[in-house]
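Here is the structure we will look at, set down as structure tokens.
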Amino acid sequence: MMILVLLLCCISSVAPQESHHEHDGGHNATGISIVTFKWHHVETPYLIALWVLVSFLVKLLIEANHNVTNYIPESALLICFGFILGGMIWGADKVQTFKLTPTTFFFYLLPQIILDTGYSMPNKLFFTNLGAILIHAIIGTCWNAATLGLSLWGCHQGGAMGNIEIGLLQYLLYGSLMAAVDPVAVIAVFEQVHVNEVLFILVFGESLLNDGVTVVLFNVFDAFVSLGGGAIDAKEIVKGIVSFFVVAFGGSLLGTVFGLLISLLSRCTKNIQIIEPGFIFVLGYLAYLTAEMLSLSSILSIVFCGVCCQKYMNSNMDENSIQTVRYAMKVFANGSETIIFVFLGISAIDKTIWVWNTGFILLTLFFILIYRFIGVFILTWFLNRSRLVPISFVEQIIMGYGGLRGAVAYGLAVNLNETKIKEKNLMVCTTLIVVYFTVILQGVTMKPLVQWLNVKRAATVDLTLVEKVQNKVFEHMLVAIEDISGQIGDNYWRNKWRNFEEKWMSRLLLKPSARKKQDRLFNVFHQLNLQDAMEYVKEGEHRGSLEFIRNESAFVDFKKKFGEDYEEAMPDIMALNDPVSACRRDPVPSVSLEMHEQNMRGLREAEGINSHYLLDQHLYKSRKQHRYRFSRSHLDINQDENEVQEIFQRTMRSRLESFKSGKMGVAPPKTITKHTKREPQPKVQPSARFNRKHKSLLCCVYL
Amino acid sequence: MGATQTHSEYQYENMVGKTGFSTEQIKNLHMRFQQLSGNEKTLRREHLKNIPALANNPIKTEIIEAFFDKRNQLDNELGSYEEIGFEEFLMVMSHFRPLSIKTSEEERTAMRRQKVRFLFNMHDTDGDGKITLEEYRKAVEELLSESGTIGQEGARAIADAAMLEVASTNVPNMGPDDFYEGITFEHFEEILKDLEMESRMHVRFLDMNTANLRCGK
């Protein structure tokens, strides 16, 4: 494996040298050459492909041993590998031919990562905490930028940094590019830590939304630096503030428009399902570029594009398309992230950019940490006064510690204009060092810190049905209380939005069939499926295709408990019709029931009923949907076999209960009989009771 | 209003203590109460049913019932009132009061218990201290009734499944002889212990009278 990598590196380093030589191969007029080595022809794409391959191979190497990634986050390892690779190239070339250029980074590597985050953003959580996120993003970033710039300038004046030519404005510019928390780094580190979702969304949301501020600050200070100190007056400052609003809101608005466009498109793509997934990528990218073109915040644009189109896309598109989109996004995002970190490592090994100034670098690191913590504490103190669930001190520490800087800062630093900013190399160096420090050091220590401080972790348990029902009850209750008490509160607005959304947006953006399926509790629980499920089980049992397999390790020993009783019940049951025939095959149900996988599949093919397949897919969907754990590399597909077993056990148990009570005439609570009496079933009473309950309890299977 | 002013002020002191609202909030709620009851001294079910905004709410019957339920007042009687006065109205509202940072740990647990109790009472319509399958079914059916797609059949299935889930977690070794009577209050608390209630069961009572800001009751 290592040999392969080395080989690739040699090729890639040798190849550019080749390009320096003159290529006469094809120009000889001596005859037809059967094979020619046309390096020039393929140079650029070849190198790109090669580098992508190398990055992926590095990732392969890293993931080969899971123990390592438990302690050191992947991103840190990728950077280290980047160092090694960079060293190799340096050794071969004496010049760093490959580095992370801002264009590549901002145009080709970053958009897909952000699109992925927008698309898989847990909307409800995000918007509930939007206030806190915005405050941290806007005020926090401004605070960071201002304090860093001013402190460094102060230290410069105090002589701590020796002789460098940086003025106040340049310090502020530098502060603004270092201030922003980086989304890529945050995901990369937090992914392995699994803190609770509120904490995660706060840090993560902040890292996304602060782009609006960063762009503005950077451009404003850049302009100031160009204009020189004298030209700054109140008018310019006002323009700066106005530009913030324009950039931020403009970007978000643009993104929303694109998102709605995508949703609208997805409504009409029934006939081209094969290309359906492509739309979001293309339009997402266009959203990014359009914002970039109009000098608005491109990250905000693409985030809101993803956020807006999520719901409608998932309802409108075909199952396969949804899976494709999700998976493809993860592939691209993961790939980009890998490449970014590897190149961050490689870019370091470049003698031309290295300028060392102890004071500058150390002070930057120090100030960044300190001011981040101070900023977080102050802002959270404010927020806690109006938050329902206050952010605890421990969580604040994690928030502060999670203020990682990453490739965005580096990209901005490399974009600095050298003529105006003489110490550009120093800044680039320091940025790199800060990035390494935060990603590697803070990344490695994040997990132990979280464990040591006992931060509340992400809930890995799904809500039970009861809890889900209660949630719904809560929502309605709150709205009702607000209505009764005449108060306008959060719930009022939320309700209003929901009504608006249902009335207008859903009508416009969802396919008519999708709208019908839209239910709040269980998206897929529509009657069609239910009835189909009932028919299916009936059919299945009739044909005896539900195979029961004996399993030693069981949870409940039915045989022991019900053996005799069951036999007594049998004659009653025999008198009834079909649904029971299957039981006849195996009069005493085995200790646990497992649906034989092959048989299921066979049955499915045999019957070829679309809805059953759909049902199978959706069977676990309602439980899936409430998983908010954001993960770069794992799709939340619940493939828990235990789930199948559990459901069948439950059903079997309940079925036995019903047999039991039906036979003994032990009144199941009189409530149930009351029910069956109401049912318009023109059958014999006991069988009717049995059938009804049988059916309804079976439906539980498919919950 | 002049004559009742002093009387109300005296009462407000009491209520601040009992319910935890501030005087300002109580005043606003009183104004709202009077608006709802048409300036009468007591509120009846019809008054609440007439609120137009409530018409769309699937569980409005339960909620209205909750206001008239004696169990939600401080004394633990059973049964329900025919009409309630302002004090009772306020008591029910106080279940939804937001916590402030100043509330102590015991107060928090007590309030949480109170909220769970409120919910429990809402479901347990016959007051026997247990939520039976029938009662739960009714609740789920109502909840789902607004979305026409899941009919009664589906709602019943969901309710059944939910009860089964509860039964299997609470009484793990239940044989077929045992008949699951219903969810008791302790069970209910147990089920909901992981559910985050703090942010879910409160209404921000503003200190300003928003009743006039919205048209209609």
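The values are calculated or read from the model by the stated rules, or taken from the named source; none is laboratory data. Keep in mind that this is a model prediction, so the values were computed, not measured. As a convention, Cβ positions derive from the backbone with ideal geometry for all residues, glycine included, and neighbour counts pool all protein chains shown. The accessibility values were calculated without ligands, DNA or RNA, using every heavy atom of the protein model including side chains. Shrake-Rupley method; radii C 1.70, N 1.55, O 1.52, S 1.80 Å.
For A:Asn129, are the conditions met, namely being surrounded by fewer than 24 Cβ atoms within 10 Å (Cβ to Cβ) and out of contact with any helix residue (DSSP H, G or I) (no Cβ under 6 Å at 6 or more places or on another chain)? Against the criterion (surrounded by fewer than 24 Cβ atoms within 10 Å (Cβ to Cβ) and out of contact with any helix residue (DSSP H, G or I) (no Cβ under 6 Å at 6 or more places or on another chain)), A:Asn129 does not qualify.
Inspect all residues belonging to segment A:235-254 and state whether any of them is farther than 27 Å from A:Glu206 by Cβ and in a helix (DSSP H, G or I). Yes. Taking B:Glu46 and the conditions (1) within 14 Å of another protein chain (Cβ to nearest Cβ); (2) at pLDDT below 80; (3) open to solvent by 40 Å² or more (accessible area, probe 1.4 Å), which numbered condition does it fall short on, given that it satisfies the others? Only one criterion in (1) within 14 Å of another protein chain (Cβ to nearest Cβ); (2) at pLDDT below 80; (3) open to solvent by 40 Å² or more (accessible area, probe 1.4 Å) is unmet by B:Glu46, namely (2). Screening A:Pro277 against (1) of a type outside the set (Ser, Thr, Tyr); (2) part of a helix (DSSP H, G or I); (3) open to solvent by 30 Å² or more (accessible area, probe 1.4 Å) leaves a single unmet condition, (3). Every listed requirement among (1) at pLDDT 80 or above; (2) surrounded by 17 or more Cβ atoms within 10 Å (Cβ to Cβ); (3) part of a loop (DSSP other than H, G, I, E, B) is met by A:Thr97 save one, (1).
In this structure, does A:Asn425 turn out to be modelled with pLDDT under 75, at negative phi and more than 7 Å from every other protein chain (Cβ to nearest Cβ)? For A:Asn425, the condition - modelled with pLDDT under 75, at negative phi and more than 7 Å from every other protein chain (Cβ to nearest Cβ) - is not met.
Checking A:Leu289, A:Leu283 one by one, the residue that is at negative phi and more than 20 Å from the chain's Cα centre (by Cα) is A:Leu289 and no other. Residues considered: B:Glu77, B:Glu65, B:Glu87, B:Glu82. Of these, the only one that is of a type outside the set (Gly, Ala, Ser) and free of Cβ contacts under 8 Å to residues at least 24 places away in the same chain is B:Glu77. Given the criteria under 30 Å from A:Lys311 (Cα atoms) and open to solvent by less than 10 Å² (accessible area, probe 1.4 Å), does A:Pro122 qualify? Spelling it out, it is not the case that A:Pro122 is under 30 Å from A:Lys311 (Cα atoms) and open to solvent by less than 10 Å² (accessible area, probe 1.4 Å).
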